[in-house]
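J.: Following this message is one structure expressed as structure tokens.
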Amino acid sequence: MDISELLGPGSRVKHPAYGDGCVLKLNYNSYAVCFMLYGVKDVGKEYTDWEIIEKVDAEESISFSEAEKSLISILKKWSDVTEVVPLGDNWKGGKMILKPQDPDLKSKEIPMETFFHKIVMTRDRLRVMEQRINSSKSLSGEEKINLQQYLTRIYGSLTTFNVLFKLKSQQFKGESSK
């Protein structure tokens with residue numbers, strides 16, 4: 001889309017469902033529009049069913065923080081570089097002990113850091129699988145949804161290990177109870 005076709009911040013519009021609104025910001029694929037009765041909504045840049053009451057020309061610029069967020073998102077999505085995920089302080093230096101019921105068998109001790117690293121690698125590989133499913137050209141929408149549901153259930157099963165994570169934002173999230 002040519003920059004001259006874009007609505008700039010301050011442009012006034014009338015949406016058939018949301019009513020009168022004002023463009024607040026241009027995102028990569030959408031406008032952030034504040035509607036009087038419905039608040040801020042994202043509207044795709046390709047949307048044409050609204051009436052443009054007053055057009056303000058868009059400027060071709062992007063803030064540093066927006067560029068940084070976009071770059072971080074792209075790197076997380078497409079690279080094999082993994083983020084540093086800290087182990088919860090309570091578990092540092094600890095051991096996981098696997099003790100069989102049979103007293104004749106030997107126990108297995110695993111350093112918590114090693115076990116935690118394997119959990120994080122599992123999470124990262126699930127995320128890569130999720131991205132590959134979502135970007136697959138050969139899977140139908142229904143197949144993608146079915147596979148996504150399995151991944152969500154896997155994440156849910158792994159929430160048991162959330163106690164090991166230092167940061168809540170890096171924990172596993174399964175199906176919402178909403």
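The values are calculated or read from the model by the stated rules, or taken from the named source; none is laboratory data. Remember, predicted model here, so these are calculated numbers, not experimental data. Note that we place each Cβ from the backbone using ideal geometry, even for glycine, and neighbour counts take in every protein chain shown.
J.: Identify the residue in segment 18-30 that is farther than 30 Å from D124 by Cα and touching a Gly at 6+ places or on another chain (Cβ under 8 Å) and, among all such residues, is modelled with the lowest pLDDT.
T.: So in segment 18-30, the residues farther than 30 Å from D124 by Cα come out as 18-26.
Those still in the list that are touching a Gly at 6+ places or on another chain (Cβ under 8 Å) too: 22-23, 26.
Values: C22: 92, V23: 91, L26: 86.
Per the stated criteria, the residue is L26.
J.: Does segment 115-130 contain at least one residue that is surrounded by 12 or more Cβ atoms within 10 Å (Cβ to Cβ), polar (S, T, N, Q) and either at pLDDT 85 or above or assigned to a strand (DSSP E or B) (or both)?
T.: Taking every residue of segment 115-130 in turn, at least one turns out to be surrounded by 12 or more Cβ atoms within 10 Å (Cβ to Cβ), polar (S, T, N, Q) and either at pLDDT 85 or above or assigned to a strand (DSSP E or B) (or both).
J.: Another question about this same structure. For segment 51-103, which positions are assigned to a helix (DSSP H, G or I), at pLDDT 70 or above and of a type in the set (K, R)?
T.: Selection gives K69 alone.
J.: Being over 18 Å from F161 (Cα atoms) and surrounded by 10 or more Cβ atoms within 10 Å (Cβ to Cβ) is the filter here; which residues of segment 93-104 pass it? Write out each step before concluding.
T.: We begin by selecting, within segment 93-104, every residue over 18 Å from F161 (Cα atoms); these are 99-104.
K99, P100, listed by residue number.
J.: Another one. Pairs only if they're at least six apart or on different chains, beta carbon under 8 angstrom, first in segment 83-98 and touching a residue at least 24 places away in the same chain (Cβ under 8 Å), second in a strand (DSSP E or B); list them, first residue then second.
T.: Hits for this filter: V85/F165; P86/F165; L87/F165; G88/F165.
J.: Tell me, yes or no, whether segment 150-166 has at least one residue that is farther than 25 Å from G88 by Cβ and loosely packed, with under 13 Cβ neighbours inside 10 Å. If you could, list the steps in order and put the result at the bottom.
T.: Restricting attention to segment 150-166, the residues satisfying the condition of being farther than 25 Å from G88 by Cβ are 150.
If we keep only those that are loosely packed, with under 13 Cβ neighbours inside 10 Å too, we end up with 150.
There is at least one residue in segment 150-166 that is farther than 25 Å from G88 by Cβ and loosely packed, with under 13 Cβ neighbours inside 10 Å.
J.: Follow-up question, since we're still on this one. For residues that are in a loop (DSSP other than H, G, I, E, B) and either touching a residue at least 40 places away in the same chain (Cβ under 8 Å) or among the basic types (K, R) (or both), tally how many sit in segment 104-114.
T.: 1
J.: Only one of (1) assigned to a helix (DSSP H, G or I); (2) out of contact with any Asp or Glu (no Cβ under 9 Å at 6 or more places or on another chain) is not met by Q149, so which one is it?
T.: If we test Q149 against (1) assigned to a helix (DSSP H, G or I); (2) out of contact with any Asp or Glu (no Cβ under 9 Å at 6 or more places or on another chain), just (2) comes out false.
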